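Notes follow the structure.
We did not get these values from a lab; they are worked out from the coordinates using the rules stated. The shown structure was predicted, so the numbers you read here are calculated from the model rather than taken from an experiment. In this analysis, Cβ positions are derived from the backbone assuming ideal geometry, glycine residues included, and neighbour counts consider all displayed protein chains.
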Protein chains: 2
Amino acid sequence: MGEIYECIPNYSVGKDEETIEQIAGCFDDQEGVNLVDYSADEDHNRLVVTAIGSPDGLIKSCLESVRVAVDKIDMNEHTGEHPRMGAVDVVPFVPVKNATMEDAVDVARSLAEKIGGHFDIPVYLYEKAATSLDRENLADIRRGEYEGFSDKISKEEWMPDFGPGKVHPTAGVTAVGARKPLIAFNVNLKTDDLSVAKKISRRVRHSSGGFRYCKAMAVDLDEDNLTQVSMNMTDYSKTPLHHVYELIKSEADRYGVDVVESEIIGITPADALLDAAGHYLQLNDFSSEQVIENRLLEDL
Amino acid sequence: MGEIYECIPNYSVGKDEETIEQIAGCFDDQEGVNLVDYSADEDHNRLVVTAIGSPDGLIKSCLESVRVAVDKIDMNEHTGEHPRMGAVDVVPFVPVKNATMEDAVDVARSLAEKIGGHFDIPVYLYEKAATSLDRENLADIRRGEYEGFSDKISKEEWMPDFGPGKVHPTAGVTAVGARKPLIAFNVNLKTDDLSVAKKISRRVRHSSGGFRYCKAMAVDLDEDNLTQVSMNMTDYSKTPLHHVYELIKSEADRYGVDVVESEIIGITPADALLDAAGHYLQLNDFSSEQVIENRLLEDL
């Protein structure tokens, strides 16, 4: 098996069923690509596709989807709760198997160059693929959004990495990047008091003193009288799920609140959970070579 | 990816390096087969090979290895601590991916028929492949060993499933079977008092009242002043590793003894550890479809 990546492109369409299906379809019938999931949100007016596959297959699928998005989406008519700057808003690549982060950066650059060249869309490289420090953070690139980008792009420090120095009149601009796998990990608390979930979220997240690779916010789960610590784990190899879980449990306990359950939304690398099992079972000297599935992926 | 099995053939050779290498080599250069491990024990005078692969590849490798074993091993000159009845003593198949236990039984039958036909070796089907209840347990088939088999085979109830009704003069008889994956799971205790490990082993193992799919014995780890509860988990889906681990910890605690570490020897299906992670993290509604590696094995 060659290099395998996860690719999670985001498009500025959340209501037009036909366009949504057409974009998702670009990842469905492609050789070497597996469409894992796609979900559109009407309030955000945004579509998120998750696919895994070979670099060639994913780049082909992405380019086909850009063609559909350019055809069907007019950013001048787009409104939604989620910040955005283009019809194809952002395309991150995540190394999954037999690929390093440097390989993922190469794939991102290759796609970025093609989008810029074939579709006359300005493209910015971000996160691990960024060409300068002030382009690492996607939020910095996106600041000003589609409406403000005509001014922004004329500044020398915001010259795009690929494509023209001028916003595409209907498709805006696009960011392509490489990053670590992100795990959406939620822990549900047996209380309808949102202030407890808020206090715990502040304790676990990086921005207020918690774990380096954890983003967290409190969410009210009205229907079940529960509240949730909703998290994005941005590097499970350095901030393990089980450390975050244990801290949440201990903090909840301090408020007399039980943890009801946790959940992982979407896909996860097996390693994130194998690490947790190893921790709790006190597994010594365990190697991922000992997992049959990893043998199959490497050797057959 | 088609059907994938684990195959763990055992041969009655533990000292003759050349024969050991030649047998292992049959699994090393075969298309569709991955040699995971092989280890020979001089006291047992026995070689255990672990391989994973396609049914066709594994059957080819097995047949090549039977040819070597028949050529090189004379059971009349074989002695060792481990009970045995043939040069190729036992060949179990374990369904790993895209295969049911019924499929594994078919593969076992197919190999058994070929060994019986091509090499004039009587073959017995055992465990899930057994043709009658009294042939399910390998120990029942092997009772009497090589030396006693000429008498045993002449009894109607011990007529072999394939091959001649007469023991092969140098290669003896062979058992071929299908079974669930077995996980070798050990838990080390911070005491040199073997009686504690013995008492705990009796608590966790099936034969003395413990878990249905757990075999356990106490082992002295002289060099480290530790003792060990050494286990074979014969169906992790019904007797999970974490239940056994927790009981061992709780029993050890009762004797004032700490658990130092645990270990898995050899290979394991990822699911055994994913289940443990799910238990400790209170993961709700988690499906193995959410694991990227499983997606890759199923769909690419």
Problem set entry | Paramagnetic label zone (point 7 Å from Cα along Cα-to-C-beta, B:ASP193; backbone N under 19 Å) in the stretch B:238-271 | B:248-261
For this session: Put a label point 7 Å from Cα along the Cβ direction on B:PRO169, then list its distances to the equivalent points in the other copies in nm, shortest first.
Result: 9.4
For this session: Just give me a number: lysine pairs in the stretch A:183-295, eight or more positions apart or cross-chain, with C-alpha atoms less than 21 Å apart.
Result: 10
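State, as an integer percentage, the relative contact order of chain A based on alpha-carbon contacts under 8 Å between residues 6 or more apart. Each step should come with its number before you reach the end.
On the way: 631 pairs, mean separation 45.2, N = 300.
Here the relative contact order equals 15 percent.
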Exercise. Relative contact order for the stretch B:128-181 using alpha-carbon pairs under 8 Å, separation at least 6, rounded to a whole percent?
Worked result: 40
Exercise. Along the principal axes of its C-alpha atoms, what lengths does the stretch B:4-178 span, in descending order and rounded to whole Å?
Worked result: 40, 36, 26
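When only C-alpha pairs under 8 Å and at least 6 residues apart count, what is the relative contact order of the stretch A:183-295, in percent? Please report the intermediate quantities before stating the final value.
Details: 192 pairs, mean separation 34.9, N = 113.
It rounds to 31 percent for the stretch A:183-295.
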Exercise. Which order results if A:ARG212, A:ARG179 are arranged by neighbouring Cβ count within 10 Å, fewest first?
Worked result: A:ARG212, A:ARG179
Exercise. Expressed as cubic angstrom per residue, what is the convex hull volume of the alpha carbon set of chain B?
Worked result: 146
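Checking a compactness column here: for the protein assembly as shown, what do you get for Rg(Cα) / (2.2 N^0.38 Å), N being the number of residues? Write down the numbers at each step before the final one.
Numbers: Rg = 29.3 Å, N = 600, 2.2 N^0.38 = 25.0 Å.
Compared with the compact-globule rule of thumb, the protein assembly as shown sits at 1.17.
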Exercise. Which distances in nm, rounded to one decimal and ordered from shortest, link the label point of B:ASP103 to the equivalent label points in the other identical copies, with labels set 7 Å from Cα toward Cβ?
Worked result: 2.7
Exercise. With each pseudo-label sitting 7 Å past Cα toward Cβ, what's the A:ASP220-B:GLN282 distance in nm, one decimal?
Worked result: 2.2
Problem set entry | Lysine pair number, Cα distance threshold 13 Å (strictly under), the stretch A:4-178, separation 8 or more or different chains | 4
Exercise. In nm, to one decimal, how far is the A:ILE265 label point from the B:GLU113 one, both placed 7 Å along Cα→Cβ?
Worked result: 5.3
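When the chain is fully extended, how far beyond the present Cα-Cα distance does A:LEU63 get from A:LYS15, taking 0.36 nm per residue of separation? Mind dumping the intermediate values first?
On the way: separation 48, 0.36 × 48 = 17.28 nm, distance 2.17 nm.
Length gained between A:LEU63 and A:LYS15: 15.1 nm.
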Problem set entry | Copy-to-copy label separations for A:GLY144, where each label sits 7 Å from Cα toward Cβ, in nm and ascending | 8.9
